[in-house]
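Read the structure below first, then the notes.
The values are calculated or read from the model by the stated rules, or taken from the named source; none is laboratory data. Just so it is clear, the structure is predicted and the values come from calculations on it, not from any experiment. As a convention, Cβ positions derive from the backbone with ideal geometry for all residues, glycine included, and neighbour counts pool all protein chains shown.
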Amino acid sequence: MGHGHHHPHDHAHDHTHHHQADTGPLPPALDADVPDSELSPSQLSRRSMLRRAGLLGAGLAGAGVLGGATAAAAQSVASGGSAGRGKSNGFLWLAGDHHIHTQYSSDGKYRVVDQVRQGTAHGLDWMVITDHGSAAHAKIGVEKVNPDIKEARETYKDQLVFQGLEWNIPGAEHATVFVHPGRNEVEVLKKFETDYDGSLHPSSSNATNEALAVSGLQFLADQVRRRKVDDAVMLANHPARNGIDSPHEIRGWRDATSADHPIAIGMEGAPGHQAAGLPKPYGSGGGRGYYENGPNANSFAAYPPESYRTWGGFDWMTSTVGGLWDSLLAEGKPWWITANSDSHSVYAEPSVIGPDDNFNANGKHSDPVYGTGLDLGKGDYWPGHYSRTHVGADRFSYAAVMDGMRAGRIWVDHGGLISGLDARVKGGGRWATLGGALHVKRGTDVELSIDIALANGANWAQFVPKLARVDVIQGDVTGHVHDKDTFTAPTARVAKSFEVNKSTGTVRLTYKLGRVSGPLYVRLRGTDGNRTAVGPNGAAVDPVGPALDVVGDADPWKDLWFYSNPIWVLPS
């Protein structure tokens, strides 16, 4: 690429060299060899939902989210490798949630099995239990939650349940940290939390604490290298909520460990707590994601006031075309976005913490019991009820989900706006999909194809969402920035918008990039069109983007979006 930095495809080779042991059979609902007559009622319901969405059988436009050419092999070819990895029927797009709390969090309530049961019922395939890092959690909770997680894994064999924690990043915000299951998962998480959690160490924004955070990520990388755990991942949570995740810290996390196998791989593109935006008297009348704050003494001073709010339910770092996320992509840095529930206490759910509760002594709250009314002041949904992170995995396993996340094969949606997404850039007889890089000769004609399975059934709010528009966002790859606090990308813009004029089935869209002469990337977003506005960088950059969410009046079901991770095109 001529800039001396790591190419975005550096991570695209096979990362599963020591993961093979956890490969398991497909869940029956996903396994076409299992007849309907052998499924339980819940499995049959799930299979029917997938069929309606176009996610089983022929798939999308003959190629498909689950069908068609081997996407893993195609990406390997696009990166100059040899085809041969992956299933013959392509990726499994597995929906999940990496930010979920239980009774082992001081502000949580539910048992592990409650969250896993609900996530499974709401269509998820993988979940991460992420109770808050704290003195009680480090001392008691990490060990005590593990048997509950193991029991949930046994009870819900169709569900992948990771153990993790919500890391108080020294000098910054929170993050999901989770590891591949194994005999050392508790030991590694416990030592990580004890030695590197900001709740146990001074956590103001200064160079010492920033260095401690980097050391924590390097510790996790060392545990993987030493085979204490098979893998570990970190994702920054609600990064703009308090303005304390500075651009140079984010870059530092991404670069703290090997470019071939990074530990810090991305951030919440959309935070949880989406029900908090429901207006009174039907909700708490707050901000979506609890984004209701302003700058404090530890905030990065250059962030503008509007960065402390969500835009269409998404974090300002993600939603701003030409903003912080694009500035990382313009460097060629693989940095991915996710969406999740951050589920603590669910909106309009009647349970309360049970009697004889003593969190500090027990490291957990008493099991929940039935309460006396529906609490409309809570801001959360069950896992999978509203937010979903879809990961392209080459098999149903813990390792495959982690590999798919690290490779950037991720798209996210709110409210079931769409059911499936297959995006590919094609040129020179090759193609690449989300998170991948297409290598072509300079001057090659390149085309982006987008296949979308529309929402063919009601979501959990009992209406069928309608996709109104899809935007292609394009930016140049310009190389490393000299100022690591850069949070703009001047060339990023909405390059093409498509109006969607059908409400069922599938949609195929095509965008011609033309004869490419320099490195670039494209990413996608889509909307129901209910709330739009000119983007923060002006109409020439983003003429019809998400609108700033109004605190006290931001019904999340009336403003639905999906976003994809990028695909790079690298001519040489």
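For the structure I just gave you, tell me whether ASN237 is polar (S, T, N, Q) and within 26 Å of HIS480 (Cα to Cα).
yes
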Legend entry - Matching residues in the stretch 532-572 - criterion: being part of a loop (DSSP other than H, G, I, E, B) and touching a helix residue (DSSP H, G or I) at 6+ places or on another chain (Cβ under 7 Å): PRO536, ASP549, ALA554, ASP555, PRO566
Legend entry - TYR386 aromatic (Phe, Trp, Tyr) and under 28 Å from PRO556 (Cβ atoms): yes
Legend entry - Neighbours by Cβ (under 8 Å, 6+ apart or cross-chain): first from the stretch 25-50, modelled with pLDDT of 75 or more; second loosely packed, with under 15 Cβ neighbours inside 10 Å and aliphatic (A, V, I, L, M): none
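Do we find a residue being closer than 20 Å to GLY313 by Cα and crowded, with 24+ Cβ neighbours inside 10 Å anywhere in the stretch 392-407?
Taking the stretch 392-407 as the starting set, the residues that turn out to be closer than 20 Å to GLY313 by Cα are none.
Taking every residue of the stretch 392-407 in turn, none turns out to be closer than 20 Å to GLY313 by Cα and crowded, with 24+ Cβ neighbours inside 10 Å.
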Inset, instruction - Quick one: which residue in VAL412, VAL472, VAL446 is closer than 20 Å to GLN274 by Cβ and either modelled with pLDDT under 95 or part of a strand (DSSP E or B) (or both)? - result: VAL412
Legend entry - Residues located in the stretch 525-561, provided they are acidic (Asp, Glu) and either farther than 22 Å from VAL412 by Cα or modelled with pLDDT under 95 (or both): ASP553
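Looking at GLY323, GLY286, which one is touching a residue at least 40 places away in the same chain (Cβ under 8 Å), over 22 Å from ASP471 (Cβ atoms), touching a helix residue (DSSP H, G or I) at 6+ places or on another chain (Cβ under 7 Å) and surrounded by 18 or more Cβ atoms within 10 Å (Cβ to Cβ)?
Step by step, each of GLY323, GLY286 is checked, and only GLY286 is touching a residue at least 40 places away in the same chain (Cβ under 8 Å), over 22 Å from ASP471 (Cβ atoms), touching a helix residue (DSSP H, G or I) at 6+ places or on another chain (Cβ under 7 Å) and surrounded by 18 or more Cβ atoms within 10 Å (Cβ to Cβ).
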Legend entry - Positions within the stretch 485-504 being out of contact with any helix residue (DSSP H, G or I) (no Cβ under 8 Å at 6 or more places or on another chain), at pLDDT 95 or above and not in a strand (DSSP E or B), in sequence order: PRO490, VAL500
Legend entry - Residues satisfying the stated conditions in the stretch 255-285, i.e. small (Gly, Ala, Ser) and either in a helix (DSSP H, G or I) or under 20 Å from SER319 (Cα atoms) (or both): GLY266, GLY269, ALA270, GLY272, ALA275, ALA276, GLY277
